[in-house]
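The values are calculated or read from the model by the stated rules, or taken from the named source; none is laboratory data. Because the structure is predicted, anything quoted here is derived from the model rather than measured. Because the Cβ atoms are built from the backbone with ideal geometry, glycine has one as well, and the counts that use them run over all protein chains shown. Please note that ligands, DNA and RNA were not included when accessible areas were found on the heavy atoms of the full protein model with its side chains. Shrake-Rupley method; radii C 1.70, N 1.55, O 1.52, S 1.80 Å.
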Amino acid sequence: MSTSFVSIIGAGPGDPELITVKALKRIQTADVILYDRLVNDQLLAKAREDALCIYCGKAPGLHSMSQEMIGRMLITHATEGKRVVRLKGGDPFIFGRGGEEALVLAQAGIAFEVIPGITSAVGTSASTLIPLTHRGLASSFACVTGTGSDGNVSSVRWDLLAHSVDTLVIYMGISQLSDIQRELLHHGKHSSTPAALVERGTTSQERIITGTLAELQSLSVSEDVSNPALIIIGEAVRVREQLIQLQRATNASMTG
């Protein structure tokens, strides 16, 4: 009976304490860990001292390892009977190519499991006090990539997203921000729609810049926003300022 097995794991949005208990157990017992660029080093420190940790991260325009090679390595280590972990930032099935890797394993006859992680949209929303849904302001949200699978921003259905969803959370969009802004405005999204840029959400380096849809590109340039970063667009962004003001008032009354 084959002992080949791979755990495809979501490491969460950046804060290492947001890992699930189940995922942490797999990390602690793994023989081999293939990890991505945005995985926090503190999680790798939880691995056994003799575990083989292999970096296979991808930065915009710079891939340390092709997707095909990652698949081959997963198969190779798994067929050797090792406990293999594929560790991804966020959730493996939300812009993590986890589905592609699961298909590769299934086609090779290798058993696998998928352990979810807190995706960046959800983690960053909570961390920055920007609710993705809020009664009276937003009853829906969408997570969308900044570019289509062909690398072209125009292949994303911005015409539908501009009006059918209350809150937009855009991954991998900073380098395409000017085009995204133009597309949404062209398709009727109001220029005064509240928006936020969140850099390194949930981590100690988190940075939040808020403004309007019309200001997004200029804010990105003036504030030198860099990846990893999320773009959040929608009326619910207004709630952040309300919560901050109330927090300040509460803290002042407690200290006064």
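Key figures
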item	result
Residue check for L197: more than 28 Å from E17 (Cα to Cα), free of Cβ contacts under 8 Å to residues at least 60 places away in the same chain, open to solvent by less than 60 Å² (accessible area, probe 1.4 Å) and not charged (D, E, K, R)	no
Matching strands (runs of 3 or more DSSP E) fully within region 13-121 where at least 1 residues are small (G, A, S) and open to solvent by less than 60 Å² (accessible area, probe 1.4 Å)	111-115
Residues of region 182-213 satisfying the condition of being in a helix (DSSP H, G or I) and among the acidic types (D, E)	E183
Filter result for L216 (crowded, with 20+ Cβ neighbours inside 10 Å and either assigned to a helix (DSSP H, G or I) or of a type in the set (G, A, S) (or both))	yes
Counted residues, region 124-133 - those being assigned to a helix (DSSP H, G or I) and open to solvent by less than 10 Å² (accessible area, probe 1.4 Å)	2
Leading residue by the ranking (nearest to L168 (Cα to Cα)) among those in region 224-256 that are in a loop (DSSP other than H, G, I, E, B) and open to solvent by 80 Å² or more (accessible area, probe 1.4 Å)	D224
Per-region count, region 157-175, residues surrounded by fewer than 20 Cβ atoms within 10 Å (Cβ to Cβ), touching a residue at least 12 places away in the same chain (Cβ under 8 Å) and under 26 Å from K58 (Cα atoms)	2
Selection within region 186-242 - under 19 Å from I118 (Cβ atoms) and of a type in the set (A, V, I, L, M, F, W, C)	A196, V198, I208, A229, L230, I231, I232, A236
Test set (1) over 21 Å from the mean Cα position of the chain (by Cα); (2) without any contact (Cβ under 8 Å) to a residue 40 or more places away in the chain - V153 fails condition number	(1)
Of the criteria (1) assigned to a loop (DSSP other than H, G, I, E, B); (2) at pLDDT 95 or above, which one T147 fails	(2)
Conditions (1) in a helix (DSSP H, G or I); (2) in contact with a helix residue (DSSP H, G or I) (Cβ under 6 Å, 6 or more places away or on another chain); (3) buried (at least 16 other Cβ atoms within 10 Å of the Cβ): number failed by S178	(3)
Of all residues making up region 82-103, the number that are touching a residue at least 24 places away in the same chain (Cβ under 8 Å), out of contact with any Asp or Glu (no Cβ under 9 Å at 6 or more places or on another chain) and farther than 30 Å from A236 by Cβ	3
In region 1-12, the residues that are assigned to a loop (DSSP other than H, G, I, E, B) and modelled with pLDDT of 95 or more	A11
